[in-house]
Amino acid sequence: MKLCSFDIFDTSLVRICGAPSNVFFLTGVRLFGNNESLIKEYVNYRSAAERMVKSVTCKSNVSLSDIIGIFDDNYISKIGVSKKELEIIEKEIEYNNLVPVKETSDLIENYREKGYTIAFISDMYLPSDFIRSVLSKSHLIKEIDYLFVSIDYNANKYDGTLYDVIYDDLKPKEWIHFGDNLHSDVKMARLKNVSANHLSYKYTNDEIEWIIKKETNFYLLYEEIVAGLIRAARLQFQNNTFSIIAADIVAMNYVPFVNWLINDAIGRNIDCLYFLSRDSLIFYRIAQSLNRPEIEYRYLHLSRKSIYLPYLISGEISSYLDCIDTFEGYTPKRIFDTFSIPSDFYMKYLQKVGLSELDILDQINLSKFISVLEDISFKCYVINIANKARKNLLGYLQQEKVIGLNSNSALVDLGWLGTTRKILNKILEEDSFEQIYMYYWGVLSNRLSSIYGMYSSYVYLEDSPICKKNILVMEHYFSCNSEGSTLGYEKKDGFYIPVLSDVENSNFKIVLQEMNNDISVKVASFVSLYDEEILNILFDVMKRKGLETLIRMRLYPSYNEAKCFRNVIVGDSIKGESVVVQKLSLINALLVLFIGYMRNRRCWPEASIIYTFNFRPFLYMYHFVRDNMQMIRILIKKFLNYGIGNR
């Protein structure tokens, strides 16, 4: 027989709650709600009971029934449940918190296909029938597979005796073992002539930071639970830097945001939340996974492009500038494409005034361009197509019940300035509809006023060191979407259908969207397992630690993180496209490191520095230069003046 065995806990399965002792904490929450004193008392009592029963029985292997059985009857009476009921509660919490590790699952299947007999081994107080049920739920074990649990054989991996039991029982000619414990799974296995492999799924540096820098005062376990939850979610997928970013940063910022907006919407008696394409698709999927049925969730195809043309019904230049602020520095093509004005129409007007669609609009060309917009026949055409587009837009919004009688809905978007809110609400007001409420993940300090519609934001960037580089990464990486942009709407068979742009999606973009969405959804489903008494605290921890990690990544990205962002293209139809991370040339490197200047304003300096040099001290140097630029300039000026004076 060729045998391949796997340790169970922290190798084949991990706990969503993190450490095993956190199961005792969650049992205390189930028993006592949010009574801190009683929860602490229970955790201490449960931990002591395990040590006590081993001491009393002089056995290293004790069962959960033995541990609960030693509880004092007066204490059990105080708890208000029987010993049997208490055992059932702890088993239920264990069952719900144990999930498989994808990498181990793949290994198991790989050795199965190679003809190995599969066995699972554990030093554990939980009964083997329970452990088999968890492994079966996780699709790890088959009926023909073996399961060896220390409590059943009064033998342990820790002292090597369980390996002896398996040798005597199965008599394998070849034996490979995988496990996370360097002593029990590696050292002792090798002493028993087993080919042992260390397989450990560690916490990331950020997750360790969350645990070390505890801030909550309620038994100091919520950070541990959040770290365990995030680790468990990413281990459901390929364990690489992409999954780490998706779990530690994307999910940690997006999942608590969606929970916050649902709570806020309930408080405002909003009955339906509409998640705007494309940035909010990930929010929509999270909302569906949070087990919050109090509100209806719908996905709405609406973009700036789909409302800009309907806004031009006056044909006035001011209506263009309401949308894009300025014409200067852009090309006619970029501007007309933004407003969905067809090229076969506008080209003849540009030719009349001697403009090419690719000419940059400087002071000379700008007057020619404005003369095109003011041309009577041009304006008439734009007004005509804008009216048709507006009719279709309003028809779509009424069809989806965003506006109309008894509509009490709100829109959800990633955020920043609020241009969509402004233009959409001005359209609605012009057609005698009420303004619609907006929710954002974040807004800039120079955001548009609430006179263009009321809004709430999860993060206000004037209160946070998050900067525009984070915004670009969130739009084009965190909320990455392979769907085409909504260009407008058309009516077919009595229904208004969104018209989407054609897109050429790279495999990178498709895989990235799936990874960010799937891990965020997994985190949402995991956190929904917890009792209501602790949910708000968990979400609060996720918000604080998520923002801290986002800021850490902005200022001090790792080399592997920078590599993940190198394929991200940022930009839009007005500003054009650019990479967010680039290899720095010698000149650019000198400019960045010594005077803190980055030629490409949309490029992320810190990520580009670490990607180019993979030398962390250069990041400290860059931040020192940026933070002390004024002082450095004064010193340089004094040095130059001193040099000139001594000539």
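The values are calculated or read from the model by the stated rules, or taken from the named source; none is laboratory data. Being a predicted model, the structure only gives us computed values, none of them experimental. Cβ placement follows ideal geometry from the backbone for every residue including glycine, while neighbour counts extend to all protein chains displayed. In case anyone asks, the SASA skips ligands and DNA or RNA and just uses the protein heavy atoms, side chains included. Shrake-Rupley method; radii C 1.70, N 1.55, O 1.52, S 1.80 Å.
Take residue 139 and residue 492, extend 7 Å from each Cα along the Cα→Cβ direction, and tell me the distance between the two endpoints in nm.
Result for the modelled spin labels: 3.4 nm.
Provide the gained length on full extension for the span residue 74 to residue 624, in nm with one decimal, where the gain is 0.36 nm per separating residue minus the Cα-Cα distance.
Extending this stretch completely gives an extra 191.7 nm.
Quick one: what are the phi-derived ³J(HN,Hα) couplings along region 159-169, Karplus 6.51/-1.76/1.60 with θ = phi - 60°, whole Hz, x for glycine and proline?
9, x, 5, 5, 5, 4, 4, 5, 4, 5, 7
Could you list which residues have their amide H under 5 Å from that of residue 146, counting only those 5 or more apart in sequence or on another chain, with H placed in the peptide plane?
Residues meeting the amide H criterion: 118, 119, 120.
Check residue 568: other-chain or 5+ apart residues with amide H under 5 Å from its amide H, H built from backbone geometry?
580, 581
Regarding region 383-448, what are the three Cα extents along the principal axes, ordered largest first, in Å?
Taking max minus min along each principal axis of the Cα atoms, region 383-448 gives 35, 30, 17 Å.
In nm, what is the difference between 0.36 nm times the number of residues separating residue 599 and residue 356 and their Cα-Cα distance?
Value of the extension gain: 84.7 nm.
Give the accessible surface of region 276-328 per residue, rounded to a whole number of Å², with probe radius 1.4 Å and ligands, DNA and RNA excluded. Don't skip to the end; give the middle numbers.
Details: 2050 Å² over 53 residues.
With all protein chains present, region 276-328 gives 39 Å² per residue.
Can you list the HN-Hα couplings for region 262-275, worked out from phi with the Karplus curve (6.51, -1.76, 1.60; θ = phi - 60°), rounded to whole Hz and with x for Gly and Pro?
5, 4, 5, 5, 4, x, 9, 6, 7, 9, 8, 10, 9, 9
Could you grab the relative contact order for the chain? Cα pairs under 8 Å, six or more apart, rounded to a whole percent. Show your work: numbers first, answer last.
Working: 988 pairs, mean separation 86.5, N = 647.
RCO, the chain: 13 percent.
Of the accessible area of region 24-93, with the probe set at 1.4 angstrom, what percent is carbon plus sulfur?
Details: 1680 of 3390 Å².
Its accessible area is 50 percent carbon and sulfur atoms.
Suppose R0 equals 22 Å. What FRET efficiency, 1/(1 + (r/R0)^6) with r the Cβ-Cβ distance, do residue 435 and residue 298 give to the nearest 0.05? Don't skip to the answer; put the middle values down first.
Working: r = 19 Å, r/R0 = 0.86.
With R0 = 22 Å, the Cβ-Cβ based efficiency is 0.70.
Using the Cα atoms of region 436-559 to build a convex hull, what is its mean projected area in square nanometres?
In nm², the orientation-averaged hull projection of region 436-559 is 12.0.
Against the 2.2 N^0.38 Å scaling, with N counting residues, where does region 132-235 land? I'd like the Cα-based Rg ratio to two decimal places.
So region 132-235 has a normalised radius of gyration of 1.38.
In vacuum, with every alpha carbon of region 1-53 counted as one equal point scatterer, what does the Debye formula give for log10 I(q)/I(0) at q = 0.13, 0.24 Å⁻¹? Two decimals, please.
-0.45, -0.92
Report the FRET efficiency, 1/(1 + (r/R0)^6), for residue 388 and residue 450, where r is their Cβ-Cβ distance and R0 is 41 Å, rounded to 0.05. Can you show the working numbers first?
Values: r = 31 Å, r/R0 = 0.76.
That pair, residue 388 with residue 450, gives E of 0.85.
Which distance in nm do the two modelled labels at residue 499 and residue 380 give, with both placed 7 Å along the Cα-to-Cβ direction?
It is 2.2 nm.
Residue by residue, what Karplus-based ³J(HN,Hα) values in Hz, rounded to whole numbers, does region 5-14 have, using 6.51, -1.76 and 1.60 with θ = phi - 60° and x for Gly and Pro?
Going residue by residue, I get 10, 9, 4, 9, 7, 6, 10, 8, 10, 10 Hz, with x marking Gly and Pro.
Round to a whole number: what % of the accessible area of region 132-282 belongs to carbon and sulfur, probe 1.4 Å?
On the way: 3050 of 6300 Å².
Using a 1.4 Å probe with all protein chains present, region 132-282 comes out at 48 percent carbon and sulfur.
Take the alpha-carbon positions of region 220-326, form their convex hull, and give its projected area averaged over all directions (one quarter of the hull surface) in nm².
Here the figure is 10.6 nm², rounded to one decimal.
Per q in 0.14, 0.19 1/Å, what log10 I(q)/I(0) does a Debye calculation on the alpha-carbon atoms of region 304-450 return?
For region 304-450 at q = 0.14, 0.19 Å⁻¹, log10 I(q)/I(0) is -0.73, -1.15.
How big is the Kirkwood radius of region 300-388, worked out from every pair of different alpha carbons and given in Å to one decimal?
One over the average 1/r among Cα pairs gives 13.1 Å for region 300-388.
For the pair residue 239/residue 511, report the inter-label distance in nm, with labels modelled 7 Å from Cα in the Cβ direction.
Reported label-point gap for residue 239 and residue 511 is 1.9 nm.
Using a 1.4 Å probe, what is the accessible area per residue for region 23-75, in Å²?
Computed with neighbouring chains in place, this is 46 Å² per residue.
Translational diffusion coefficient of region 483-553 at 4 °C, 1.567 mPa s, Stokes-Einstein with Kirkwood Rh over Cα pairs, in µm²/s as a whole number.
Working: Rh = 16.1 Å.
The Stokes-Einstein estimate is 81 µm²/s.
What does the accessible area of residue 183 come to, in Å² to the nearest 10, when a probe of 1.4 Å is used?
60 Å²
Can you give the convex hull volume of the alpha carbon atoms of region 60-207 per residue, in Å³?
Details: hull volume 21.3 nm³, N = 148.
Taking only Cα atoms, region 60-207 has a hull volume of 144 Å³ per residue.
Hey, what's the Kirkwood Rh for the chain if you take every pair of different alpha carbons, in angstrom?
Its Kirkwood hydrodynamic radius stands at 28.8 Å.
Would you please give the residues with an amide H less than 5 Å from that of residue 487, counting only those at least 5 places away or on a separate chain, with H modeled from the backbone geometry?
499, 500, 501
When only C-alpha pairs under 8 Å and at least 6 residues apart count, what is the relative contact order of region 266-366, in percent?
After rounding, I find 22 percent.
Would you compute, for the Cα atoms of region 11-98, the largest minus smallest coordinate along each principal axis and list the three values in descending order, in whole Å?
32, 32, 20
Based on DSSP H runs of at least 4 residues, each adding -39500 (n - 2.57), what is the mean residue ellipticity at 222 nm of the chain after dividing by all its residues, to the nearest 500 deg cm²/dmol?
Only helices count here, giving -16000 deg cm²/dmol.
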